[in-house]
Amino acid sequence: MSRTRTALLAAMALVAGATGTAFAVDPGGVGTAAVPCTVDYKIQNQWSTGFTAAVTVTNNSAAKSSWSLKWSYAGDQKVTSGWNAKLSQSGAAVTAANESYNAQLATGGSVSFGFQGSYSGSNAVPATFTLDGVTCNVDDGGNPGPTDPPDPGGPSNRVDNPYAGAKVYVNPEWSAHAAAEPGGSRVSNQPTGVWLDRIAAINGAGGKMGLRAHLDEALRQKGSGELVVQLVIYNLPGRDCSALASNGELKPDEIGRYKTEYIDPIKAILADSKYSSLRIVTTVEIDSLPNLVTNTGSRPTAVPQCDVMKANGNYVKGVGYALNKLGDVPNVYNYVDAGHHGWIGWDDNFGPSATLFKEAATAEGATVNDVHGFITNTANYSALKENNFTINDNVAGKSVRESKWVDWNRYVDELSFAQGFRNQLVSVGFNSGIGMLIDTSRNGWGGAARPTGPGAQTSVDTYVDGGRYDRRIHPGNWCNQSGAGLGERPKAAPAAGIDAYVWMKPPGESDGSSKAIPNDEGKGFDRMCDPTYEGNPRNNNHMSGALPDAPLSGQWFSAQFRQLMQNAYPPLS
């Protein structure tokens, strides 16, 4: 059902329309006890003949084991498809009933669903909603409940897509590195993320700009228009438990330092009214939460350090704390890292990951309203769209899922994964308006090795291997990959459910050193960055595919950047 919505929307170029909102009652407001239920109905996108809407229902009465919400339209609106509810329409009257997985509606509990519709003329928000026959948004005497007051730190002050209609900050430090390379001026004006990967980075370390310096420069670049600044929040205790190359400075039990020495100072700077006109996008703790799903317990891919982080709960606590504190700043948009399709696209990872993200998003005082969206493929290489085969293809009597490359994954590329995972996240309780970001900084896979069509149909493996754009030896390879190229340039609203393609990982900055290099940043030597390494269970014991002579993670890697430009797709002009 949810994929139907993705397919329908993907064919349309959505433009942001006016937002209509049915008033919602503040569950904690005065007199709320007399309001049996509240409904928040928002028109998210609107174009000349259609629209999409998000609906959140909150039950303030006795717990329900099933539910049915009804409303009527004043115009000719028609519901054409929906997700997370069974929708039907008779004339102007619409009924939304629960799915099996969201039938339970506790006292004080909420459920969200969405739909696509058509209209002509006006597209007014319905005036009345009933939940199981009881009118919502009014008290027992039939009077409208108190409207929800503006929340200075809530989503009401944020635009639906921060990237829409905005420029994005160009980091002058990265830009200078790129421009110094032969041909680098072709991309040196592209926006990239600013990585706050240790406490010292907040004020600037090793001669680099600190957070305030970047924000001041962002104000200069902004001018009179809108501007997005992209920050990577990346310093959890026991960081990157399965990848030594990006280990951090904080020990597994140093959650207190993470809060008081890292997140709190960042929040204090972002909350400075001087920067209130900026749209600040935070990518929260990449490569953290998915590790607790895939690399723990009795799995062959388990890593003892990840078991430690799962047991002490400090990944969940840290992410929750960051979301809570940073989400209090009205112009901050939090996007949580969601791995990539080659990590959590399998059935036994997909659902559990979404559930774990919900746990983190409601920990340490955070709520789902502190999450504006999610980001996939950060610092990874998974192709945006594989055009030469689909997950539904069959060759020589076998499904594409049986190929060694796909290996029973449900997804073959990042776009389909991001759209599918977005629906899964909404189904577990995230707001239906969340958007996705996809990092396309190193997933172009162009150049002479790029296939021009499907592989031979002699077997499912020749078919997939001959046609796939992603030329890695194995999708589990992640360090300084040989043959990679720059991907789609950053752009806003490129596809349904996608807020932007971004270069959150600055291309040309190393993933990790190809040999041990002493340093004071807590970064270890990971054999996955060694081109001679023959692998481990996480890449099914394949060669690492890494480039040689790589410096420490985050440092400029000229040979990698030149390769990325050479193999860019779309090609550089």
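Per residue, how many Å² of accessible area does the chain show with a 1.4 Å probe?
On a per-residue basis, the chain sits at 38 Å².
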### Accessible-area value, F129, 1.4 Å probe, nucleic acids and ligands omitted, Å²
0 Å²
### Task
Divide by every residue of the chain the summed helix terms, -39500 (n - 2.57) for each DSSP H run of at least 4, and state the resulting mean residue ellipticity at 222 nm, rounded to the nearest 500 deg cm²/dmol.
-6000 deg cm²/dmol
### Task
Distance between Cα centroids, segment 167-242 to segment 440-491: provide it in whole Å.
28 Å
### Query
Taking all protein chains as present, what is the carbon and sulfur share of the accessible area of the chain, in % to the nearest whole number, probe 1.4 Å?
51 percent
#### Entry: Greater than 27 Å apart at Cα, pairs in K86/K404; K251/K325; K167/K267; K86/K310
K86/K404; K86/K310
#### Entry: Straight-distance crosslink candidates among aspartates and glutamates, where the alpha carbon sits under 12 Å from K42 and sequence neighbours closer than 8 are dropped
D160
#### Entry: Principal axes of segment 361-486: Cα extent on each, largest first, Å
54, 33, 20
### Task
Give me the percent of DSSP beta bridges within the chain that run antiparallel, rounded to the nearest 5.
65 percent
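Using alpha carbons only, what's the Rg to Rh ratio of segment 275-394 with Rh from Kirkwood? Display every interim value, and only then the final one.
Details: Rg = 15.9 Å, Rh = 15.5 Å.
Answer for segment 275-394: 1.02.
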### Query
For log10 I(q)/I(0) by the Debye sum over Cα atoms at q = 0.06, 0.12 Å⁻¹, the listed values are (1) -0.30, -1.23; (2) -0.35, -1.17; (3) -0.28, -1.11; which was obtained by calculation from the structure presented?
(1)
## Note on the structure
Rounded to one decimal in nm, the spacing of the 7 Å Cα→Cβ label points at S276 and A106 is 3.6 nm
### Query
Taking the simple approach of a point 7 Å from Cα along Cα-to-Cβ for both Q457 and N519, what is their distance in nm?
4.9 nm
### Summary
With the 8 Å Cα cutoff and a minimum separation of six or more residues, the chain has a relative contact order in percent of 12 percent
### Query
Taking Cα atoms of segment 169-328, Rg/Rh with Kirkwood Rh, to two decimals?
1.02
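For an R0 of 45 angstrom, estimate the FRET efficiency from the Cβ-Cβ distance between S298 and K70 and round to the nearest 0.05. Walk me through the numbers on the way to the answer.
Details: r = 48 Å, r/R0 = 1.06.
For R0 = 45 Å, the calculated efficiency reads 0.40.
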### Sequence of M565, M209 when ordered by accessible area, the most exposed leading, probe 1.4 angstrom
M209, M565
### Task
Determine the distance separating the Cα centre of segment 120-134 from the Cα centre of segment 362-428; give it in Å without decimals.
34 Å
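Given a Förster radius of 41 Å and the C-beta distance between W408 and R212 as r, what FRET efficiency does 1/(1 + (r/R0)^6) yield to the nearest 0.05? Kindly include the intermediate steps, with their values, before the conclusion.
On the way: r = 48 Å, r/R0 = 1.17.
My answer for the efficiency is 0.30.
First check a/c for segment 59-100, with a ≥ b ≥ c the square roots of the eigenvalues of its C-alpha gyration tensor; if it is under 1.5, answer rounded, and if not, answer prolate when a/b is larger than b/c or oblate otherwise.
It comes out oblate by the Cα gyration axes.
Show me the helices of the chain, taken as full DSSP H stretches, that run 27 Å or more along their long axis by Cα and average -0.5 or above in Kyte-Doolittle hydropathy. Display every interim value, and only then the final one.
Values: long enough: none.
Result, helices passing both filters: zero.
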## Note on the structure
The rounded separation in angstrom of the Cα centers of segment 273-348 and segment 38-63 is 28 Å
### Task
Take K358, K310 and sort them by solvent-accessible surface of the protein heavy atoms, 1.4 Å probe, largest at the top.
K310, K358
## Note on the structure
Using alpha-carbon positions, the gyration tensor of segment 321-382 gives root eigenvalues a ≥ b ≥ c; with a/c under 1.5 called rounded, otherwise prolate if a/b exceeds b/c, else oblate, the class is oblate
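The values are calculated or read from the model by the stated rules, or taken from the named source; none is laboratory data. Since the model is a prediction, treat every value here as computed from it, not as a measurement. Using ideal geometry, Cβ is built from the backbone for each residue, glycine included, and neighbour counts are taken over all protein chains shown. Side chains are part of the model used for accessible areas, which takes the heavy atoms of the whole protein and leaves out ligands, DNA and RNA. Shrake-Rupley method; radii C 1.70, N 1.55, O 1.52, S 1.80 Å.
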